[in-house]
1. Filter segment 16-46 down to the residues that are more than 30 Å from Ala79 (Cα to Cα) and more than 17 Å from the chain's Cα centre (by Cα) and list them by number.
2. Take Gln102 and tell me if it is at pLDDT below 95, out of contact with any Gly (no Cβ under 6 Å at 6 or more places or on another chain) and either hydroxyl-bearing (Ser, Thr, Tyr) or within 26 Å of His27 (Cα to Cα) (or both).
3. Can you pull out the residues in segment 149-187 that are open to solvent by 30 Å² or more (accessible area, probe 1.4 Å), in contact with a helix residue (DSSP H, G or I) (Cβ under 7 Å, 6 or more places away or on another chain) and farther than 26 Å from Leu92 by Cβ?
4. Can you list residue pairs whose Cβ atoms sit under 9 Å apart, with the first residue in segment 98-120 being under 17 Å from Leu77 (Cβ atoms) and of a type in the set (Val, Ile, Thr) and the second being in a helix (DSSP H, G or I) and at pLDDT 90 or above? Count only pairs 6 or more apart in sequence or on different chains.
5. With respect to Arg18, determine if the residue is charged (D, E, K, R), open to solvent by 70 Å² or more (accessible area, probe 1.4 Å) and either assigned to a helix (DSSP H, G or I) or farther than 18 Å from Leu131 by Cα (or both).
6. Can you tell me which residue is nearest to the chain's Cα centre (by Cα) among those in segment 1-15 that are open to solvent by less than 70 Å² (accessible area, probe 1.4 Å) and of a type in the set (D, E, K, R)?
7. Looking at segment 188-198, can you tell me whether even one residue there is loosely packed, with under 15 Cβ neighbours inside 10 Å and either of a type in the set (Ser, Thr, Tyr) or under 14 Å from the mean Cα position of the chain (by Cα) (or both)?
8. Report yes if Val195 is in contact with a helix residue (DSSP H, G or I) (Cβ under 9 Å, 6 or more places away or on another chain) and part of a loop (DSSP other than H, G, I, E, B), otherwise no.
Amino acid sequence: MTVETEKEHLRQLLKRDRMSLTENERHRAQQAICASVLDFCAGYARSRQSCDDQPLTIGLYAAVRGEVDVSACFAGLSALGWRIVYPRVQALGVMEMFAVDQAHHLVPGAYGILEPPADALPVQKEQLDILLVPGLGFTQDGWRLGYGGGYYDRYLAGALAVCTIGIGFQRQVRAALPVATHDRRLNYLITEEGVVNCWDPTSVSS
């Protein structure tokens with residue numbers, strides 16, 4: 001079995017598993033995840049206070065197909081002074097980030113996913129501090145299984161300074177996942193059980 005064949009088999013299993021969450025389970029997990037995101041960003045901001053006067057920038061995403069909904073983070077991040085950006089598909093396999101002032105300013109875009117409107121301000125990846133990355137499966141040491149489009153891997157190619165945080169439910173975490181040469185390893189993973197430093201996966205903070 002090739003890596004891609006194994007990935008596709010796992011995608012189908014993980015999609016069904018993620019959708020099996022009850023509404024109550026999903027709601028409680030998302031509350032815990034968003035609280036952890038805000039705590040992480042507050043700590044990150046404190047560690048960067050003396051660096052410069054530029055606003056810190058974080059990339060969120062509009063949840064689809066049962067992904068963890070992180071929209072509740074928007075108000076808290078804005079209150080902390082973060083500039084918030086969302087991805088917009090520019091071409092097949094290519095996405096870029098654009099600043100958004102309010103979560104409700106998103107409009108339907110490629111694949112029916114909400115994205116910044118046409119007049120949104122583009123933000124270069126060099127200006128990005130943190131990127132929240134959705135997915136179907138994750139490992140505690142930072143590997144991720146996406147939908148197969150490669151949008152995040154292509155966007156992050158060469159952007160080693162960006163702190164990447166995988167966002168998923170604990171049931172999406174696997175001991176191992178098939179990995180291809182183009183896959184980008186994450187820096188952190190946040191589930192309802194807390195924050196994992198993927199470069200030291202024995203360290204979990206709740």
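The values are calculated or read from the model by the stated rules, or taken from the named source; none is laboratory data. As the structure is a prediction and not an experimental result, all values here were calculated from the model. Cβ coordinates were reconstructed from backbone atoms using ideal geometry, including for glycine residues, and neighbour counts include every protein chain displayed. Accessible surface is based on the protein model in full, side chains and every heavy atom, while ligands, DNA and RNA are left aside. Shrake-Rupley method; radii C 1.70, N 1.55, O 1.52, S 1.80 Å.
1. Of segment 16-46, the ones more than 30 Å from Ala79 (Cα to Cα) are 16-22.
Arg16, Asp17, Met19, Ser20, Leu21, Thr22 - these are the residues of segment 16-46 that are more than 30 Å from Ala79 (Cα to Cα) and more than 17 Å from the chain's Cα centre (by Cα).
2. On the way: at pLDDT below 95: yes; out of contact with any Gly (no Cβ under 6 Å at 6 or more places or on another chain): yes; either hydroxyl-bearing (Ser, Thr, Tyr) or within 26 Å of His27 (Cα to Cα) (or both): yes.
Yes: the conditions hold for Gln102.
3. Arg171 - this is the single residue of segment 149-187 that is open to solvent by 30 Å² or more (accessible area, probe 1.4 Å), in contact with a helix residue (DSSP H, G or I) (Cβ under 7 Å, 6 or more places away or on another chain) and farther than 26 Å from Leu92 by Cβ.
4. Listed pairs, sorted by first residue: Val100/Phe74.
5. It is false that Arg18 is charged (D, E, K, R), open to solvent by 70 Å² or more (accessible area, probe 1.4 Å) and either assigned to a helix (DSSP H, G or I) or farther than 18 Å from Leu131 by Cα (or both).
6. Pass one, segment 1-15, residues open to solvent by less than 70 Å² (accessible area, probe 1.4 Å): 3, 7, 10-11, 14.
With of a type in the set (D, E, K, R) added as a condition, the list becomes 7, 11.
Details: Lys7: 19, Arg11: 17 Å.
Residue satisfying both the conditions and the ranking: Arg11.
7. Restricting attention to segment 188-198, the residues satisfying the condition of being loosely packed, with under 15 Cβ neighbours inside 10 Å are none.
Taking every residue of segment 188-198 in turn, none turns out to be loosely packed, with under 15 Cβ neighbours inside 10 Å and either of a type in the set (Ser, Thr, Tyr) or under 14 Å from the mean Cα position of the chain (by Cα) (or both).
8. Working: in contact with a helix residue (DSSP H, G or I) (Cβ under 9 Å, 6 or more places away or on another chain): yes; part of a loop (DSSP other than H, G, I, E, B): no.
No, not satisfied.
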